[in-house]
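Data block below; observations after.
The values are calculated or read from the model by the stated rules, or taken from the named source; none is laboratory data. The structure presented is a predicted model; accordingly, all values stated were derived computationally and were not measured. Every residue, glycine among them, receives a Cβ derived from its backbone with ideal geometry; neighbour counts consider all protein chains shown. Heavy atoms of the whole protein, side chains included, go into the accessibility calculation; ligands, DNA and RNA do not. Shrake-Rupley method; radii C 1.70, N 1.55, O 1.52, S 1.80 Å.
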Amino acid sequence: MTTSTKHGSKLHKYIVTKVSISDNPDLKGDWLNVFILLLLYTIQGLQLGLTTAIPILLQSNKNVSYQDQAVFSLVMWPYTLKLLWAPLVDAVYIKKIGRRKSWLIPVQFIMGSFFLYIANDINELLPETGKPNIEKLVCVFFVATFLVATQDIIVDGWALTMLKKNNVGYASMCNTTGLAIGSMIGSVWSTLLTSKDFCNKYVRTTPDTGGIVTMEQLLYVWGIMFMSITTLIAIFKKEKDCSLEENHVKLNTFQNYRLLWDICKLPSVQIFAMALLTVKVGFAATDNVSPLKLIDAGVSKDDMMIINTSMYVAKIILPLIIARHTSGPKPISLYLKATLIKLIWNIAFIMLIYYTPKLIKMNGVINIPTYYYVILIVILSIQEILNYTMFVALLAFYSRISDPRFGGTYMTLLNTLSNLGNAWATFTALGMVDLLTFKECSFNPKNDCSTLDLQNICTIDGGDCVVTVNGYYIEMVLSTIFGIFWYGIFKNILKNLQTKCPSQWLVNYVKQPITKNSKNVFTITVT
């Protein structure tokens, strides 16, 4: 499909080419392509998994504040805002190298180089003792996330042309499976295999110091692997030249950006965007602060990571179970039900965090009983089920409302709005915990223990920083109240949106007569 614009006018022409896709996929001749896509998405998940593991590593060292955690959460913003440069990546390339390989090769080489760079500085960025260099850590991982977000744009686009048309449906399988595998490896290996306690308890027969590998070694291996895989793809994988296909015309950069603007001006999209940008506030503290509070209370990062690893099985199975309930005409109804239950489930986390120190400590010594792990797994599992119910329901709704002529751009825009809502809510939730928490030194009430230096002074004097007001509980109550108000405001609005005529989600058009030299040309009029 393509567009052409008239200068000084709001009229745009979009060419839509009909494609016949077989109902019977056949992977014969496509197995290698499936493997390559799976490998590329796994590489993407590897970096994302490492990034999600860093907050757990920081919190376990007890040398960072929640404001530091909020600052580090900024590293995920490039992934949230990738739509801003996606049209550029899609439109600019060197034809001789290939539309996708023109970007993939340099981006993945730089990604590999970044892993090698991080390996050299990891001991400074994440020291065993002392405060980590948060500013440098954020800068490094911000750039790494920008690169992996760009790689995601490239691979998503290449998946549509790398596979045969009757096998394009396997692209989503490669995406979800590859990201799950990569995220699991990136997070689990960087936390468990580098942990002395975990390795001595589950891996080694004879206790030793450190993990079975160091973070530096892992990063070196991953960096070399990135560059090796990229080299092999550059040499041996030839990209199909889609410009040779009949009726192929590509959008230029300006037309891509104009299309996004046209979609954003639709009234239905604007209302839905307001809901997506604010819904995550209701459970931002539950999703992002609660795991860190569990570590503060005494649950080890190794135990948390083992539990999170077991959740990956649920992440693969749950979408298959939930899909049959979201395939109908009203997926938003299921989304709203899950939202309300999740808001109520905030109470379970408040009680869990409150009672955890009492349940796992005896005479000041941490001794976690088996029944506590059962309680923890049940609470986290229900949370995961609710998260994935909402996720799959939203994707089903996206698929129903997205303009089929520009489905990729439409879906990316909606996902970006959802990710942006999650990003700012996460940043705010982490940043507000310390601001809402009040402490005082047991030996000196004038010392409010508001900084690490004041906390150290209190400790040196033989005192303890006693929490007088716990900001976590205040934030949980405020976010839950906000979520209930959100539900009351948007419940009927969203239900009405899902019953709207499909034309309410389309960029308005007037079909032009088809001439000998034109095929399916539409004039888009934005009102």
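Scanning segment 205-220 for residues that are in contact with a Phe, Trp or Tyr (Cβ under 9 Å, 6 or more places away or on another chain) and part of a loop (DSSP other than H, G, I, E, B) yields 211, 213.
Among the residues of segment 402-409, is any within 30 Å of residue 270 (Cα to Cα), assigned to a helix (DSSP H, G or I), among the small types (Gly, Ala, Ser) and open to solvent by 20 Å² or more (accessible area, probe 1.4 Å)? Looking for residues that are within 30 Å of residue 270 (Cα to Cα), assigned to a helix (DSSP H, G or I), among the small types (Gly, Ala, Ser) and open to solvent by 20 Å² or more (accessible area, probe 1.4 Å), one finds at least one in segment 402-409, hence yes.
Looking across segment 380-401, the residues that are of a type in the set (Gly, Ala, Ser) and surrounded by fewer than 20 Cβ atoms within 10 Å (Cβ to Cβ) come down to 381, 399.
Scanning segment 461-485 for residues that are open to solvent by less than 40 Å² (accessible area, probe 1.4 Å), outside any loop (DSSP other than H, G, I, E, B) and touching a Ser or Thr at 6+ places or on another chain (Cβ under 6 Å) yields a single hit, 471. Flag set for residue 191, criterion: touching a Lys or Arg at 6+ places or on another chain (Cβ under 7 Å) and over 17 Å from residue 233 (Cβ atoms). One residue alone among 40, 32, 57, 46 is modelled with pLDDT of 50 or more and in contact with a Phe, Trp or Tyr (Cβ under 7 Å, 6 or more places away or on another chain), and that residue is 46.
Answer yes or no: is there a residue in segment 197-204 that is of a type in the set (Ser, Thr, Tyr), assigned to a helix (DSSP H, G or I) and surrounded by 15 or more Cβ atoms within 10 Å (Cβ to Cβ). No, there is no match, as no residue in segment 197-204 is of a type in the set (Ser, Thr, Tyr), assigned to a helix (DSSP H, G or I) and surrounded by 15 or more Cβ atoms within 10 Å (Cβ to Cβ). Here the helices (runs of 4 or more DSSP H) wholly within segment 86-191 that include at least 3 residues being within 19 Å of residue 73 (Cα to Cα) and of a type in the set (Val, Ile, Thr) are 134-162. Residue selection: residue 458 fails the criterion of being crowded, with 17+ Cβ neighbours inside 10 Å, more than 30 Å from residue 265 (Cα to Cα) and at pLDDT below 80.
Applying the condition of being open to solvent by 60 Å² or more (accessible area, probe 1.4 Å) and farther than 25 Å from residue 422 by Cβ to segment 249-278 and asking which residue is farthest from the chain's Cα centre (by Cα) yields 249. Only one residue in 417, 430, 413 is open to solvent by less than 20 Å² (accessible area, probe 1.4 Å), closer than 30 Å to residue 266 by Cβ and aliphatic (A, V, I, L, M). Which one? Exactly one of 417, 430, 413 is open to solvent by less than 20 Å² (accessible area, probe 1.4 Å), closer than 30 Å to residue 266 by Cβ and aliphatic (A, V, I, L, M), namely 413. When 439, 519 are checked against the criterion of being outside any helix (DSSP H, G or I) and at pLDDT below 80, 519 stands alone in meeting it. For residue 447, the conditions (1) without any contact (Cβ under 8 Å) to a residue 24 or more places away in the chain; (2) open to solvent by 40 Å² or more (accessible area, probe 1.4 Å); (3) not hydrophobic (A, V, I, L, M, F, W, C) all hold with the exception of (2). Taken over segment 356-371, the criterion of being surrounded by fewer than 17 Cβ atoms within 10 Å (Cβ to Cβ) and either in contact with a strand residue (DSSP E or B) (Cβ under 7 Å, 6 or more places away or on another chain) or not aliphatic (A, V, I, L, M) (or both) is satisfied by 357, 358, 361, 363, 364, 367, 369, 370, 371.
Within segment 468-511, work out how many residues are among the aromatic types (Phe, Trp, Tyr) and in contact with a Lys or Arg (Cβ under 6 Å, 6 or more places away or on another chain). Total satisfying the criteria: 1. Search segment 135-151 for residues that are within 17 Å of residue 124 (Cβ to Cβ) and pair each with any residue that is surrounded by fewer than 23 Cβ atoms within 10 Å (Cβ to Cβ) and among the acidic types (Asp, Glu) when their beta-carbon atoms are under 8 Å apart and the residues are at least 6 apart or on different chains. Filtered contacts from segment 135-151: 136/121; 136/124; 140/121.
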